[in-house]
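Novice: Okay, here's the structure, questions in a sec.
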Amino acid sequence: MADLHVPATIQRFGQTARRDAWWVRPLVVFTVLSAFVIYATWAALQGVNYHYGSYLSPLYSPELFGKSSHAWFGPLPESWPAFLPTSPALFILWAPGLFRLTCYYYRGQYYRAFAADPPSCAVGEPSRKYSGERKFPLVLQNLHRYFLYIALFFLLILLYDVWKAMWFNDAETGHERFGVGVGTIVLAVNVVLLGGYTFGCHSLRHLAGGIKDRLSGRPIRRRMYMCVSCFNRRHMVWAWLSLVWVAFSDLYVRLCATGMLTDWKILL
Ligand code: FES
């Protein structure tokens, strides 16, 4: 077991008595989060190849304005100013983005990985000025519970996208046929992983039962609390799997749309 003896006064940044590879985790977090942000930003700015038949990339869902058949309100109005963004993803990605950014789990991870504040447990910090999350701008992290409400709504939309991804246009008859494609499975797994992540949210756990002093005599609330707690115990795992799978789902749809990948499907 690693020696976790901590010197009485840790002064210098990075100073520690730890002998384990404490820097591996922040390095992995830094690498994976950076890769995701770079990919998601690139994909969101494309504005094309985000849909393929009945599939819609989760980075673009819901598509409020756009040229695909998934768009809720059709194309952007003619009067849309040219200097404003036109990619459909840019209208909606702020919501899941801020939900993740303010997530209690991710906060702990990116404070360490990107600000090294602290780099890890019992490792010297760059500054001693940290005052918690009670002052601007970190106090805004408390908006997490409101982004949770939006995330739950997005989850319903993504579930509906999976239903739509089960209907394919039959080129011979011109009618829609029920079926399952690899893309359907990719989008369905995406919803399952995002559901596991969202239902394990600490704010949801508070809402479900943590808000109460006692849960005895409240069977429904107690069951809800236990259910959310069950997801919450693996919040870290759900967080990373869902993050990677969202990017993979977009990539899958994108590769199909560009003709670089064939979507295998079974029609009933
Ligand atoms: Fe992680 Fe809410 S705490 S999603």
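Each reported figure results from applying straightforward, stated rules to the coordinates on display, with no laboratory input. Keep in mind it's a predicted model, so treat the numbers as computed, not measured. Neighbour counts run over all protein chains shown; Cβ positions are idealised from the backbone, glycine included.
Novice: I want to verify the translational diffusion coefficient of region 189-268 in µm²/s; compute it with Stokes-Einstein, Rh as the Kirkwood radius over Cα pairs, at 20 °C and 1.002 mPa s.
Specialist: For the chosen part, D equals 145 µm²/s.
Novice: Counting other beta carbons within 10 Å of each Cβ, put TRP80, TRP238 in order, fewest first.
Specialist: Working: TRP80 12, TRP238 23.
In increasing order of surrounding Cβ atoms, one gets TRP80, TRP238.
Novice: Take LEU84, LEU156, LEU33 and order them by how many other Cβ atoms sit within 10 Å, fewest up front. It would help to have the intermediate numbers written out before the result.
Specialist: Values: LEU84 8, LEU156 11, LEU33 18.
In order of increasing Cβ crowding within 10 Å: LEU84, LEU156, LEU33.
Novice: Which whole-number percent gives the relative contact order of region 24-267, counting Cα pairs below 8 Å spaced six or more residues apart?
Specialist: 24 percent
Novice: Can you give the charge dipole size of the chain about its Cα centre, rounded to the nearest 20 debye, using +1 on the beta carbon of Lys and Arg and -1 on the beta carbon of Asp and Glu?
Specialist: On the way: 26 positive and 14 negative charges, 307 e Å.
Computed about the Cα centre, the dipole is about 1480 debye.
Novice: Also: Find how many whole Å separate the alpha carbon centroid of region 118-164 from the alpha carbon centroid of region 205-235.
Specialist: Comparing the Cα centres of region 205-235 and region 118-164, I get a distance of 21 Å.
Novice: Okay, helix-only estimate at 222 nm for the chain: each DSSP H run of n ≥ 4 adds -39500 (n - 2.57), divide by all residues, round to 500 deg cm²/dmol; what do you get? Please list the in-between numbers first.
Specialist: Values: 9 runs with 127 residues, N = 268.
Calculated mean residue ellipticity at 222 nm is -15500 deg cm²/dmol.
Novice: Report, in degrees rounded to the nearest 10, the 0 to 90 angle that the Cα long axis of helix 104-115 makes with the longest principal axis of the chain.
Specialist: Approximately 70 degrees, to the nearest 10.
Novice: Same structure again: Computed on alpha carbon atoms, what radius of gyration and Dmax characterise region 119-180, expressed in Å?
Specialist: Cα-based Rg and Dmax for region 119-180 come out at 23.7, 70 Å.
Novice: Given R₀ = 25 Å, what would the calculated FRET efficiency be for ASN169 paired with PHE65, taking r from the Cβ atoms and rounding to 0.05? Don't jump to the answer; show the numbers that get you there.
Specialist: Numbers: r = 23 Å, r/R0 = 0.93.
Once the sixth-power term is evaluated, E becomes 0.60.
Novice: Now, a different point. Among GLU133, GLU125, GLU172, rank each residue by its count of other Cβ atoms within 10 Å, from fewest to most, as a rough exposure measure.
Specialist: Numbers: GLU133 13, GLU125 18, GLU172 6.
The fewest-first ordering by Cβ neighbours comes to GLU172, GLU133, GLU125.
Novice: Separate question: What is the extension gain from SER127 to ARG19, computed as 0.36 nm multiplied by their sequence separation minus the C-alpha to C-alpha distance, in nm to one decimal? Present the calculation step by step, with values, prior to reporting the outcome.
Specialist: On the way: separation 108, 0.36 × 108 = 38.88 nm, distance 2.25 nm.
Extra length available between SER127 and ARG19 comes to 36.6 nm.
Novice: Two decimals is fine: what's Rg over Rh for region 144-243, C-alpha atoms, Kirkwood radius as Rh?
Specialist: Values: Rg = 17.6 Å, Rh = 15.4 Å.
Rounded to two decimals, Rg over Rh is 1.15.
Novice: Another question about this same structure. Seen from all sides and averaged, what is the projected area of the convex hull of the Cα atoms in the chain, in nm²? Before the final figure, lay out each step's value.
Specialist: Working: hull surface 82.2 nm².
Hull-based average projected area comes out at 20.5 nm².
Novice: Mind checking the angle between helix 219-232 and the chain's longest principal axis? C-alpha axes, 0 to 90 degrees, to the nearest 10.
Specialist: 80 degrees
Novice: Can you give me the distance in nm between label points at MET226 and LEU261, each placed 7 Å from the Cα along the Cα-to-Cβ direction?
Specialist: Result: 4.0 nm between the two label points.
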